[in-house]
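A short worksheet on the structure shown next.
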Amino acid sequence: MTMNILEIENLTVRFKDSCASAVEDVSLAVPGGSFTSMVGETGSGKTVTALSIGGLVNGAVTQGKINLRAKAAYVFQDPYSSFNPLMRLGRQLTEVNKDKEKAILLLSKVKIQDAERVYNSYPHEVSGGQRQRVAIAMALMSQPQLLVADEPTTALDVMTQSEIMVLLVSLQKEMALGILFITHDLPLAGKYSDVIYVMQKGRVVERAEREEGKFTFHSDYAKKLFEIG
Ligand SMILES: Nc1ncnc2c1ncn2[C@@H]1O[C@H](COP(=O)(O)OP(=O)(O)O)[C@@H](O)[C@H]1O
Ligand SMILES: [Mg+2]
């Protein structure tokens with residue numbers, strides 16, 4: 001049995017001045033070293049749940065329990081938002097942990113060929129896929145055991161998207177990194193996950209585990225999401 005590095009129990013988040021809850025009674029667990037996904041349409045409460053893990057939601061009333069037993073780091077949809085456009089990537093990578101050697105090592109770990117050049121580049125001087133790789137390397141600088149990746153591939157073209165997915169899986173296996181992968185794309189999550197939580201209107205409507213290599217969904221909602229992709 002693997003220990004859960006994250007357990008969310010009955011999380012409800014309601015923004016002030018809003019009558020409906022953004023997240024309603026959500027429970028989920030991420031076992032250490034697992035690839036766990038949270039999937040749902042836009043507005044279903046995925047990001048609010050993800051931000052709640054790090055206590056990053058402001059202006060809301062929160063109920064429920066979050067047991068985070070590991071160091072967590074985030075990767076977001078738009079890698080531009082992770083970076084200051086006026087600072088070279090290397091300086092941003094080493095802002096907290098001033099270890100250039102480690103930064104270069106992590107750049108090669110995220111499969112950046114010309115690590116030294118990228119290290120010395122500004123964010124706009126590298127491709128979108130490379131920028132997302134650097135964002136992942138930056139998240140890894142703090143040596144997290146949990147990586148919360150909120151739609152990390154949504155802004156990328158399909159080829160680059162699958163390269164980033166392959167990278168995430170290889171980091172998961174090599175570094176025993178637990179990943180909470182967030183996406184609106186259920187077929188994509190189905191390719192790589194061990195466990196999938198399907199969200200709808202702030203609630204978890206289905207939890208599915210990979211069995212004999214594939215997922216079987218039972219709710220009509222998840223079946224529909226799986227078809228439309
Ligand atoms: N800062 C905020 N203030 C008020 N409402 C918010 C805020 N952030 C998110 N919401 C609302 O919470 C719900 C869930 O949003 P979100 O978690 O961002 O959805 P998702 O990531 O699944 O697209 C949405 O209805 C959204 O409008
Ligand atoms: Mg979101």
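Rounded to the nearest 20 debye, the dipole magnitude of the chain is 500 debye, with +1 charges on Lys and Arg beta carbons, -1 on Asp and Glu beta carbons, and the Cα centre as origin. Counting only DSSP beta bridges whose two residues both lie in the chain, roughly 50 percent are antiparallel. Each distinct pair of alpha carbons in the range 84-143 adds a 1/r term; the inverse of their mean, the Kirkwood radius, is 10.9 Å. Across the options 166, 180, 190, the greatest Cα extent toward the positive end of the charge dipole of the range 123-229 (unit charges at beta carbon of Lys, Arg, Asp, Glu) belongs to 180.
With a cap of 16 neighbouring Cβ atoms within 10 Å, and only residues DSSP puts in a loop, list the GluC sites (Glu not before Pro) found in the range 43-151. It would help to have the intermediate numbers written out before the result.
Numbers: sites: 95, 101, 116, 125; in loops: 95.
Passing sites in the range 43-151 are 95.
Peptides 211-220, 59-68 ranked from most to least packed, by the mean per-residue count of other Cβ atoms within 10 Å: 59-68, 211-220. For the chain, taking Cα atoms only, Rg and Dmax work out to 17.6, 51 Å respectively.
Take each uninterrupted DSSP H stretch in the chain, measure its Cα extent along the helix axis, and return the ones at 20 Å or beyond whose mean Kyte-Doolittle hydropathy is at least 0.0.
On the way: long enough: 158-175 (25 Å, 0.78).
Span-like helices in the chain: 158-175.
So if we plug the beta-carbon distance of residue 62 and residue 113 into 1/(1 + (r/R0)^6) with R0 = 41 Å, what FRET efficiency do we get, rounded to 0.05? So the FRET efficiency works out to roughly 0.40. Between the alpha-carbon centres of the range 104-122 and the range 144-223 there is a gap of 26 Å. Take the Cα of residue 166, go 7 Å toward its beta carbon, and none of the backbone nitrogen atoms of the range 137-152 fall under 17 Å from that spot. Selection among 40, 118, 74 by position relative to the dipole of the range 23-138 gives 118 as farthest towards the positive end (Cβ unit charges, Cα centre).
Using mean Cβ contacts within 10 Å as the protection proxy, how do 73-86, 34-47 order, highest first? Don't skip to the end; give the middle numbers.
Working: 73-86: 16.9, 34-47: 21.5.
Listed from highest to lowest mean packing, they are 34-47, 73-86.
Solvent-accessible area of the range 84-143 (1.4 angstrom probe, protein heavy atoms only): carbon and sulfur portion equals 52 percent.
The values are calculated or read from the model by the stated rules, or taken from the named source; none is laboratory data. Here the structure is a predicted model, which is why all the values come from computation and not from measurement. In this analysis, Cβ positions are derived from the backbone assuming ideal geometry, glycine residues included, and neighbour counts consider all displayed protein chains. Side chains are part of the model used for accessible areas, which takes the heavy atoms of the whole protein and leaves out ligands, DNA and RNA. Shrake-Rupley method; radii C 1.70, N 1.55, O 1.52, S 1.80 Å.
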